[in-house]
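Take a look at the structure set out below.
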Amino acid sequence: AFVTLATNDSYALGAIVWANSLRNPLDSSDPANLALLGRPNLGCTFTKLHCWRLIRYTKAVFMDSDTLVMANIDDLLEREELSAAPDPGWPDCFNSGVFVYRPSEDTYRRLLDFARSCTSFDGADQGLLNMFFNDWATKDITKHLPFTYNCVSQAFYSYLPAFRHFRRDIKVAHFIGEVKPWHHSYNSATGQVEPREGTGHQSEFLQHWWDIYVTQVHAMLPAGAVSVQLVTCGL
Ligand code: GLC
Ligand code: MN
């Protein structure tokens, strides 16, 4: 299973686009169409721990709803718990926006007990999970996913040459930070996203997010359900 988390209407919108981006590479062999903390409100991300309770699945991949799948990632299910990519802010930690895990009531209980007994160093899930799976950095290199499976947007600014060199290997883009794809504007006349300044988001990936939103998601939303920038653009 692929699992995500939507804690409000805004993230639900992200989740719907994320689900479409995931289904595209799973369903089609059409790579052409696939060419695309200081956060007080993140306490609710502990909700993420619930994903361990999905015990009808033996193996699962958790993905944040602000991720976008660019290429087939089924091979992730061959990895073991807990596999994740390094966080560029502190590469001895994994980023908890994409990880492979084994649903288990026992692990869920142990995670909850752990959460009660200590303080997550970032006040959210990433700190807690890194404290729980605390040998990730050193124990087993096969549990280190390539960065291309969770390519966080900020890295494009700090290491542009690598981004350009590895661009075609990127399988998952992750729009971390307070500004999400649905906060940017979309010009329905030109069909182009108009990115907000300084967010670090890669416009090519943003465009892909919006292409999916416009062609596959917008029409299926009940009228007035979610207001994104499209509204101001008349779409
Ligand atoms: C990072 C992770 C995200 C997590 C947050 C809080 O931004 O990518 O998944 O919820 O940290 O720990
Ligand atoms: Mn995220």
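Here, each number is a calculation from the coordinates, and none is a lab measurement. Since this is a predicted model, take the numbers as computed values, not measurements. Glycine gets a Cβ as well: all are built from the backbone with ideal geometry, and neighbour counts include every protein chain shown.
Looking at segment 166-209, which GluC sites (Glu not before Pro) are DSSP coil and have at most 13 other C-beta atoms within 10 Å of their C-beta?
178, 197
Okay, which of segment 91-124 sit inside 20 Å, backbone N to the point 7 Å along the Cα-Cβ direction of residue 137?
Output list for this probe position: 91-100, 118-124.
Taking neighbour counts of Cβ atoms within 10 Å as a proxy for exposure, in what order, fewest first, do 108, 101 appear?
So the residues, fewest neighbours to most, are 108, 101.
Rank by packing, highest mean first: peptides 8-14, 185-191, with packing defined as the count of other Cβ atoms within 10 Å averaged across residues.
The peptides rank, most packed first, as 8-14, 185-191.
Long-range amide H contacts for residue 3: which residues qualify at under 5 Å (H placed 1.01 Å from N, peptide plane, sequence gap of 5 or more or a different chain)?
61, 62, 63
Assuming 0.890 mPa s and 25 °C, estimate D for segment 61-123 with Stokes-Einstein, Rh taken as the Kirkwood radius over Cα pairs, in µm²/s.
Taking Rh from Cα pairs, D becomes 182 µm²/s.
Can you work out D for segment 137-222 in µm² s⁻¹ from Stokes-Einstein, where Rh is the Kirkwood radius over C-alpha pairs, the temperature is 10 °C and the viscosity is 1.306 mPa s?
It comes out at roughly 109 µm²/s.
Work out the P(r) tail for the chain: percent of alpha carbon pairs separated by more than 32 Å, whole number.
So the portion of pairs separated by more than 32 Å is 18 percent.
For 48, 180, 139, 59, which order do you get if you count the other beta carbons within 10 Å of each Cβ and list the fewest first?
Lowest to highest Cβ neighbour count: 139, 59, 180, 48.
Nearest-5 percent of antiparallel DSSP beta bridges in the chain?
Antiparallel bridges make up about 75 percent of those DSSP assigns within the chain.
In which sequence would 165, 50 go, from the one with the fewest C-beta neighbours within 10 Å to the one with the most?
So the ranking, lowest neighbour count to highest, is 165, 50.
Helix-derived [θ] at 222 nm for the chain: sum -39500 (n - 2.57) over DSSP H runs of at least 4, divide by residue count, nearest 500?
-8000 deg cm²/dmol
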